[in-house]
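The values are calculated or read from the model by the stated rules, or taken from the named source; none is laboratory data. In this text the structure is predicted, and so the values were computed from the model without any measurement. Please note: Cβ atoms are built from the backbone with ideal geometry, for glycine as well, and neighbour counts cover all protein chains shown. Note: accessible area is taken over every heavy atom of the protein model, side chains too, but ligands, DNA and RNA are not part of it. Shrake-Rupley method; radii C 1.70, N 1.55, O 1.52, S 1.80 Å.
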Amino acid sequence: MEDAKSLLNQVQKELEIGEREKAKTIVQSRRTGDLRDPNLHLQWANLCEELGMIDDVILELNFVLRDQPGNVTIHQRLAEIHRDNGNLEKSARKWKEIVELEPDISSHYLAYGSVLEEIKDYGKASEIYREGFEKTGDSALKARLKAIEFISGDFVVSESLTKAEEDWIPTDTQVVRFMDLFSGREGVYARQWVSSTGESGYTPIHEPFTLSVAKNHLMGNHTIGIYPLRMDNTVCFIAFDIDMAKFFLSKAITNKRLWERAENMAQAFACKMVDLGAAHQIPVYIEDSGFKGRHCWIFLDAPIPARIARRFALLMVQQIGRPPSELQIEAFPKQAFVEEGKLGNLIKIPLGIHRRTGRRALFVNASGEAISNQLGFLEKIEKVSKQRVYEFIQRFQISDEIKFPIQEQVSSEDLEKEKKPKSSLSLPTVSDEYHLERDPEFQYLISRCHVLRTIVEKINQDKELNSEERIVLTYSVGLLQHGPEAVNQLLGRCVNMDASFFLKSRLRGNPISCPKIRSRVPDITTRVDCNCKFDPKTTLYPSPLLHVQEMDRIKSDSFIGKTVDSLQFQQLLQQYLKAKKQIREIEILTKAYEERLDEFFSQAGIDSVQTPMGTLKRITGEGEKASYHLEL
C-alpha cells in the first residue's frame, strides 16, 4: 500500500514539472492488482487518463468495480471510455449493467439505446426505449421510439409525438444535405460533453461522420463538432464564431440585461458579415450558437486550400471594422495546415442541442428570429464559388492600409489599447496608366527567360505562388525600370500574398542569379529550357536581366505584339490552339451523334423531329451522307 502511494506521489511530482515521459515510465512500473483500496485505484485511473494511457485507465477502474460492484459512476465512466474508443459492444454491455443497477433513471436507457443504434441493433434499441418509457414515463424515450421507426422502418409506435418532436425527424435527403454542408476532417468528429459542475468540452471520436451520427445530432441525442481541415489541408466551409469576450461573459452570465445587450451586439455584427458578403455575391448564413453568441457560415461549392480560406476570413473581419469591446471573433479554419497526426481546432455545427444550455443552435434571419422549418432550410442554402472567394481576396489584400491586426481571437478590448495599429502598412498603388502587357522591358524579359514566363503563367492560372517563386520574381523583375509596378500587379493577382511583399520602390543592387534561381525553383528549371548562354567576356554573373541589355540592339517599341516569343503572343496562341482543339473535339462528337441519329431516323422512316429548340431535319442527297439542320 505504502509503495503504491509513494509511486503515485512520484508520478504527480513528475507531472508538475512537465516530465510526462518519466511519469509514464513510473506508471508502467506499478503493481496495483493486489491493492484493495478503491480510492487509490481511482487516483491511479485519473493519473493514467491525464497521461493518455487509456488501457491503464480501464484496468484501474475495473479494480474499483471489483471492490465496489455497485458503483454506478464508475460503470458510466467505463461505458463512455469504451464508446469513445469505438468499442461499442463493450459500451453496450456496460450500459446494460447500469440499467439493471438503476432501472428508474431515464438517461441510462437513452444512453444504452443510443449505443445500440450506433451498432445498428435497432430491434434491441427499440426494446430498451420502450422498457425505459414504461418505467420512467420520459417523453424523450417515446421520441426515440418514433425515431427508430423512421431509421429502420421495422417498428410502429402507437403513441403519437408532438409537432415539435416530429419537426426534428429528418428525411434521408435532409441528412445527406446536412453532411454535405458540414463536411470536414475524414474519419473523425468530436462529441460535446457537459459535467455535473457545468463544465463542457469535446471528445474526439475516431470514426467516420456517418448518416447515423448526423441523424443523432439533428434529433438531439448528442452534439457534434467538426474539424474543418481535411487530410489534404483543404476546407469545404468558412465560419466565424462571434462570442462574448471572456471578461464580459463573467459579468453578463448573472445579469440578464447585459446578456441581452451582448447578444444584440453579436447579432448586429453578424449582420455586417451578411451585408459584406452580399455586396460581393457571397451568401453568409447566421446561426444562434445556442449559448453566448452567433456563428456565421459560408459554404463552398468546391474545397479550397485552408490557407486561402483563412486569408479570406481574416480579410472579411478586417473589412467590417472593430467589433464592440464586449465581443471577440474567431475565424475558421484557424490553421493554414495541420501536421500529420493532428486535427486542428473544431467548431460545433448547427441544429444540435448545446449540452451546457439545452438550447438548439438554430439558423436565424437578420432580425435574430429563428427561420421556420430548419431542416427544410438546408436545401435553400447557397454555396459560393472558388472564383468569388479569390476575387474578394484580390480586391482587398491590396487595400491602402491594414485596418487593425487580426489575431487568433480578435478582441476589440485589446484593440482599444492601440490608438494606432502596430501593423498598419501603407501599400503602393499600381498606376492606372501602367499596363504590364505594354511594358517593353518586362515583355522582352519574359520572352527570353522561360523560368520567369512559367512563374507568370502560374500566377495567371493558379492565382498563387510559393515563397521561392515569389523571391525569384521579385528579385529579377523588381529591378526593371517599372519593376515595382510589374511586381505589384503580378502579386496582386495572387490570393496568398501578404501586404509586406509589395514593393514601394525599384530594387537596386544585383539581381538574383541564374544558379540561385535553379537552387530555389528546381521543380521549374528541370522541366523548362533553363540554359541561357551569355557572353563570358562581358559577365561572370549570369542573371535573367542580362536579356534586357539585348534590347539596346533592337527597337523596343517594335517588339511588343510582333515578336513571336512575347508573352502576349504566347497567351494568344495558347488560347487559339485550345479553341481549335475544342472545335475539333466537338466536330468528332457531333459526327458520332449524327451517325447514330441516322440509324434511328432510318429505322423510324422519318426525316424530321420536333425538339425543345426547334425542328431537326435530316437532309439526304443521292450518293451523299446525310446531314442535319436545326430550324430554331
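Listed by first and then second residue, the pairs with beta-carbon distance under 7 Å, at least 6 apart or on different chains, first residue in region 196-215 and β-branched (Val, Ile, Thr), second in a strand (DSSP E or B), are 203/190; 203/191; 203/193; 205/189; 205/190; 205/191; 213/189; 213/224. For region 542-558, a tally of residues being outside any helix (DSSP H, G or I) and at pLDDT 85 or above returns 4.
Going through 73, 25 one at a time, which residue ends up being free of Cβ contacts under 8 Å to residues at least 60 places away in the same chain and either in contact with a His (Cβ under 9 Å, 6 or more places away or on another chain) or within 30 Å of residue 128 (Cβ to Cβ) (or both)? Explain how you work it out, then say what you get.
Values: 25 fails: either in contact with a His (Cβ under 9 Å, 6 or more places away or on another chain) or within 30 Å of residue 128 (Cβ to Cβ) (or both).
Checking each option against the conditions leaves just 73.
Being β-branched (Val, Ile, Thr) and modelled with pLDDT under 75 is the filter; apply it to region 510-541 and report the residue that is most open to solvent (accessible area, probe 1.4 Å). Filtering first and then ranking leaves 538.
Taking the conditions (1) modelled with pLDDT of 90 or more; (2) over 25 Å from the mean Cα position of the chain (by Cα); (3) not in a loop (DSSP other than H, G, I, E, B) in turn, residue 413 satisfies each one other than (1).
Could you tell me whether region 322-334 includes any residue that is crowded, with 23+ Cβ neighbours inside 10 Å, part of a loop (DSSP other than H, G, I, E, B) and under 20 Å from the mean Cα position of the chain (by Cα)? Yes; the residues of region 322-334 include at least one that is crowded, with 23+ Cβ neighbours inside 10 Å, part of a loop (DSSP other than H, G, I, E, B) and under 20 Å from the mean Cα position of the chain (by Cα). For region 344-369, filtering for residues that are among the β-branched types (Val, Ile, Thr) and open to solvent by less than 20 Å² (accessible area, probe 1.4 Å) leaves 3. Within region 174-192, the residues that satisfy the criterion of being touching an Asp or Glu at 6+ places or on another chain (Cβ under 8 Å) and either charged (D, E, K, R) or outside any loop (DSSP other than H, G, I, E, B) (or both) are 174, 177, 189, 191.
Only a single criterion out of (1) among the acidic types (Asp, Glu); (2) at pLDDT 80 or above; (3) not in a helix (DSSP H, G or I) is not satisfied by residue 97, namely (3). With respect to the stated conditions, residue 461 fails to be of a type in the set (S, T, N, Q) and assigned to a loop (DSSP other than H, G, I, E, B). Selection of region 559-595 for residues being among the aliphatic types (A, V, I, L, M), open to solvent by 80 Å² or more (accessible area, probe 1.4 Å) and modelled with pLDDT of 75 or more yields 577, 583, 586, 588, 589.
For beta carbons closer than 7 Å, sequence separation of 6+ or different chains, a first residue in region 449-463 that is more than 15 Å from residue 489 (Cβ to Cβ) and a second that is open to solvent by 60 Å² or more (accessible area, probe 1.4 Å) and of a type outside the set (S, T, N, Q), the qualifying pairs are 450/529. Inclusion of residue 5 among residues that are surrounded by fewer than 17 Cβ atoms within 10 Å (Cβ to Cβ), free of Cβ contacts under 8 Å to residues at least 24 places away in the same chain and of a type in the set (D, E, K, R) is not warranted. Restricting attention to region 47-70, the residues that are touching a helix residue (DSSP H, G or I) at 6+ places or on another chain (Cβ under 8 Å), without any contact (Cβ under 8 Å) to a residue 24 or more places away in the chain and over 21 Å from residue 88 (Cα atoms) add up to 1. Select from region 209-221 the residues that are of a type outside the set (A, V, I, L, M) and either closer than 12 Å to residue 118 by Cα or open to solvent by less than 10 Å² (accessible area, probe 1.4 Å) (or both) and list them in ascending order. Across region 209-221, the qualifying residues are 209, 210, 212, 215, 216, 217, 221. The residues in region 31-46 that are at pLDDT 85 or above and within 16 Å of residue 12 (Cβ to Cβ) can be counted, and the count is 8. When restricted to residues that are without any contact (Cβ under 8 Å) to a residue 60 or more places away in the chain and of a type in the set (A, V, I, L, M, F, W, C), region 335-387 contains 2. Pairing residues of region 491-502 that are surrounded by fewer than 21 Cβ atoms within 10 Å (Cβ to Cβ) with residues that are among the hydroxyl-bearing types (Ser, Thr, Tyr), at Cβ distances under 8 Å and at least 6 apart in sequence or on separate chains, gives 501/474. Of the candidates 431, 423, 447, the single residue that is in a loop (DSSP other than H, G, I, E, B), modelled with pLDDT of 50 or more and on the phi < 0 side of the Ramachandran plot is 431. Could you tell me whether region 135-149 includes any residue that is part of a helix (DSSP H, G or I) and modelled with pLDDT of 85 or more? Taking every residue of region 135-149 in turn, at least one turns out to be part of a helix (DSSP H, G or I) and modelled with pLDDT of 85 or more. Residue 400 meets each of the listed conditions (1) part of a loop (DSSP other than H, G, I, E, B); (2) modelled with pLDDT of 75 or more apart from (2).
For region 609-632, filtering for residues that are open to solvent by 60 Å² or more (accessible area, probe 1.4 Å) and among the small types (Gly, Ala, Ser) leaves 1. In summary, residue 311 fulfils each of the numbered conditions (1) under 24 Å from residue 204 (Cβ atoms); (2) within 16 Å of the chain's Cα centre (by Cα) with the single exception of condition (1). When region 464-488 is limited to residues that are in contact (Cβ under 8 Å) with a residue 40 or more places away in the chain, open to solvent by less than 60 Å² (accessible area, probe 1.4 Å) and part of a loop (DSSP other than H, G, I, E, B), the one that is nearest to residue 507 (Cα to Cα) turns out to be 479.
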